[in-house]
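Everything on this sheet refers to the single structure shown next.
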Amino acid sequence: MNAVPTSAPTAIPDSPACLLQVDNVTLQYKTREQLITATHQVSFAVREYDRFILLGPSGCGKSSLLKSVAGFLEPAAGHIRLQGQDVREPGPDRMMVFQEFDQLMPWKTVLGNILFPLQETRRFPAGELRDRARAAAVKVGLEKFVDAYPHQLSGGMKQRVAIARALAMEPAILLMDEPFAALDALTRRRMQEELLGLWEQSPFTLMFVTHSIEEAILLGSRILVLSPHPGQVRAELDASQYGFRQQGAAGFTAFHNRISQMLFGPNASETAHD
């Protein structure tokens, strides 16, 4: 990718409008033996251009919340509204990037993978689709690899293709489910920097799932901290003042420790709002 953040995080554009509203959402799964509650009465709002992070331990329902926002999982209770409309099914206004590298179609080139949702949804004029796909490849630094196939790419490059494919659709909200968790430490850091660089280049609304406190602080403008299973809102925190340049500074470390105490400390069962 071309744009890499080199200074303090860019401020959220002045847009107080609520884009996504999640109201008292309870998510449940049925197994042969029991009914499992993944989240219990979770509420939050995502504003336009937010980098909104769902943070919590494994099993707290953060990925389930993302799937529900995407339209793949219907809430057992509560409502999810995007731009004032109830979310009832998947749609091109919500594009998702997963952790797995096999989310790309192996028989299609990089350009073909980026083109696929553009062609299927017919959201844009047919004559501009290839230019749009190529522009997305350039944005993530893959202009020299548009004719390559997924098996010829590294893990980080595959994730770049998935991000390019999603951004080419100009979704109302980009959903990312631990997209860098399977990468090695150096590649993960580079991808984090490049994702924030893309946002700074052309802001978009991001909802990002992670179980890494550090990643949440580095990438997020706001962080929703969830309790262990079943997930409930423990706190909503403003992280907009922190970025890569602040990492290691006293304020960054104190904020990290504060979140760690919420998740693992003696008062972990309490909730708070900031």
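Think of each Lys and Arg Cβ as +1 and each Asp and Glu Cβ as -1; about the Cα centre, that makes the dipole of the stretch 107-170 roughly 80 debye.
With the simple model of a label 7 Å out from the Cα in the direction of the Cβ, VAL138 to GLN241 spans 3.9 nm.
For n ≥ 4 DSSP H runs only, could you compute -39500 (n - 2.57) per run for the chain, divide by its residues and tell me the 222 nm figure to the nearest 500? The helix contribution divided over the chain gives -9500 deg cm²/dmol. Compared with the alpha-carbon gap, the fully stretched path from SER43 to LYS108 is longer by 19.5 nm at 0.36 nm per residue. For the cross-link pairs LYS67/LYS144; LYS30/LYS67; LYS62/LYS158, the ones whose C-alpha atoms lie over 21 Å apart are LYS67/LYS144; LYS62/LYS158. You can think of it this way: the chain between SER154 and THR187 has 10.9 nm of extra reach, that is 0.36 nm per residue less the Cα-Cα gap. Note that the chain carries a Kirkwood radius of 19.2 Å, evaluated over its alpha carbons pair by pair. So if we plug the beta-carbon distance of ALA76 and ASP147 into 1/(1 + (r/R0)^6) with R0 = 41 Å, what FRET efficiency do we get, rounded to 0.05? Between ALA76 and ASP147 the formula returns 0.35. Return one number: the angle in degrees, 0 to 90 and rounded to the nearest 10, between the long axis of the Cα atoms of helix 110-121 and the longest principal axis of the Cα atoms of the chain. For 110-121 against the chain, the angle is about 70 degrees. Here is the list for the stretch 22-123: GluC sites (Glu not before Pro) lying in DSSP coil, each with at most 10 other C-beta atoms within 10 angstrom of its C-beta, are GLU33.
Each reported figure results from applying straightforward, stated rules to the coordinates on display, with no laboratory input. This one's a predicted model, so the numbers in the text were calculated from it and none came from an experiment. Glycine also receives a Cβ, built like all others from the backbone with ideal geometry; neighbour counts cover every protein chain displayed.
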